[in-house]
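Here's the structure, in structure tokens; my notes come after.
The values are calculated or read from the model by the stated rules, or taken from the named source; none is laboratory data. Worth saying up front: this structure is predicted, and the values here are computed from it rather than measured. Virtual Cβ from ideal backbone geometry, glycine too; neighbours counted across all protein chains shown.
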């Protein structure tokens, strides 16, 4: 793990957020499931973006320090998020975003016949605000999801996902349409309950200021390990190494 350049100010760290790294240009966090990344117009509750602004301002609402959104996670998805401390840094991030490597872990229903592959389709948003694949390329945006099965039990599989493109709900839609929806996905699967089995496990990028190679890995939520305890392959008290 890369050592943080600015001391973590525990007094101001908000609930639902773990600070992984901070320097004068960026801040990297581990977001919990159930917390919005960015506040939507129709939402009253505070999001990670707002909570972190208060954190970097050390609780002083009049401070001028601000944060800029680089990417987002669905409310139900936990894991690593990066924010910029200036618009200039945000723009540098945007210019290199195509080279950023993002890995996810997903718990899905059933066992996949093909243990690795790339799911590719054109995604479009329907009138119900749900994403779905379309045959006509002009009606959707190209989405590519690379997956590898890392563990299996009788009823579930855990996948490592390489997000090759970043379209809305991409992983959730692709796995659902493959016939192996993510556990707890209330939008793209029927009769689901509990938290979503999707976690943004790691991110790798070049620092926008000095081009230093940066890589961050989060802890895997215990929720994930619980599904595979009977096999003894993923221990409850040991960080799995995929």
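If you take the residues of the range 1-25 that are under 17 Å from the mean Cα position of the chain (by Cα) and not in a loop (DSSP other than H, G, I, E, B), which of them is nearest to residue 202 (Cα to Cα)? Reasoning before the result, please.
Here is the first cut: in the range 1-25, the ones under 17 Å from the mean Cα position of the chain (by Cα) are 16-21.
This time we only want the ones that are not in a loop (DSSP other than H, G, I, E, B), so: 17-21.
Details: 17: 16, 18: 14, 19: 14, 20: 12, 21: 13 Å.
Among residues in the range 1-25 that are under 17 Å from the mean Cα position of the chain (by Cα) and not in a loop (DSSP other than H, G, I, E, B), the one nearest to residue 202 (Cα to Cα) is 20.
Assess whether residue 145 counts as being more than 28 Å from residue 7 (Cα to Cα) and touching a helix residue (DSSP H, G or I) at 6+ places or on another chain (Cβ under 8 Å).
On the way: more than 28 Å from residue 7 (Cα to Cα): yes; touching a helix residue (DSSP H, G or I) at 6+ places or on another chain (Cβ under 8 Å): yes.
Judged against the criteria, residue 145 is a match.
Out of the residues in the range 20-36 meeting the condition of being under 28 Å from residue 184 (Cα atoms) and out of contact with any strand residue (DSSP E or B) (no Cβ under 6 Å at 6 or more places or on another chain), tell me which one is surrounded by the most Cβ atoms within 10 Å (Cβ to Cβ).
Going through the qualifying residues, I end up with 35.
Identify, from the list 102, 44, 31, the residue that is in contact with a helix residue (DSSP H, G or I) (Cβ under 6 Å, 6 or more places away or on another chain) and within 26 Å of residue 196 (Cβ to Cβ). Outline the logic, then answer.
Numbers: 102 fails: in contact with a helix residue (DSSP H, G or I) (Cβ under 6 Å, 6 or more places away or on another chain); 44 fails: in contact with a helix residue (DSSP H, G or I) (Cβ under 6 Å, 6 or more places away or on another chain).
The conditions single out 31.
What residue, of 125, 120, 45, is more than 13 Å from the chain's Cα centre (by Cα) and exposed (fewer than 12 other Cβ atoms within 10 Å of the Cβ)? Steps first, please.
Numbers: 125 fails: exposed (fewer than 12 other Cβ atoms within 10 Å of the Cβ); 120 fails: exposed (fewer than 12 other Cβ atoms within 10 Å of the Cβ).
Going through 125, 120, 45 in turn, the sole match is 45.
Go through the range 37-59 and give me each residue that's in contact with a strand residue (DSSP E or B) (Cβ under 8 Å, 6 or more places away or on another chain), part of a helix (DSSP H, G or I) and touching a residue at least 40 places away in the same chain (Cβ under 8 Å).
First pass over the range 37-59, keeping only residues in contact with a strand residue (DSSP E or B) (Cβ under 8 Å, 6 or more places away or on another chain): 37-38, 48-49, 51-52, 55-56.
Imposing the further condition that a residue be part of a helix (DSSP H, G or I) reduces the set to 48-49, 51-52, 55-56.
Within the range 37-59, just 55 meets the criteria.
Just wondering, is there one or more residues in the range 69-91 that are buried (at least 21 other Cβ atoms within 10 Å of the Cβ) and assigned to a helix (DSSP H, G or I)?
no
What number of residues within the range 166-194 satisfy the criterion of being buried (at least 18 other Cβ atoms within 10 Å of the Cβ), closer than 19 Å to residue 112 by Cα and under 16 Å from the mean Cα position of the chain (by Cα)?
Number satisfying all stated conditions: 9.
If you go through the range 52-59 one residue at a time, do you hit one that is closer than 25 Å to residue 182 by Cβ and modelled with pLDDT of 90 or more?
no
Here is a list of conditions, (1) closer than 20 Å to residue 109 by Cα; (2) at pLDDT below 90, and residue 173 meets all of them except one; can you say which number that is?
Evaluating residue 173 over (1) closer than 20 Å to residue 109 by Cα; (2) at pLDDT below 90 leaves (2) as the failure.
Does any residue of the range 112-124 turn out to be in contact with a strand residue (DSSP E or B) (Cβ under 9 Å, 6 or more places away or on another chain) and under 28 Å from residue 83 (Cα atoms)?
Yes, that holds for at least one residue.
What residue, among those in the range 93-117 that are buried (at least 18 other Cβ atoms within 10 Å of the Cβ) and under 18 Å from residue 215 (Cβ atoms), is nearest to the chain's Cα centre (by Cα)?
So in the range 93-117, the residues buried (at least 18 other Cβ atoms within 10 Å of the Cβ) come out as 93, 102-109, 112.
Remaining after also requiring under 18 Å from residue 215 (Cβ atoms): 93, 102-105.
On the way: 93: 17, 102: 8, 103: 8, 104: 7, 105: 9 Å.
Residue satisfying both the conditions and the ranking: 104.
Sort out which residues of the range 153-165 are buried (at least 16 other Cβ atoms within 10 Å of the Cβ) and out of contact with any helix residue (DSSP H, G or I) (no Cβ under 8 Å at 6 or more places or on another chain), and write them in order of number.
156, 157, 160, 164
Which of the residues that make up the range 98-120 are touching a residue at least 40 places away in the same chain (Cβ under 8 Å) and in a helix (DSSP H, G or I)?
Across the range 98-120, the qualifying residue is only 99.
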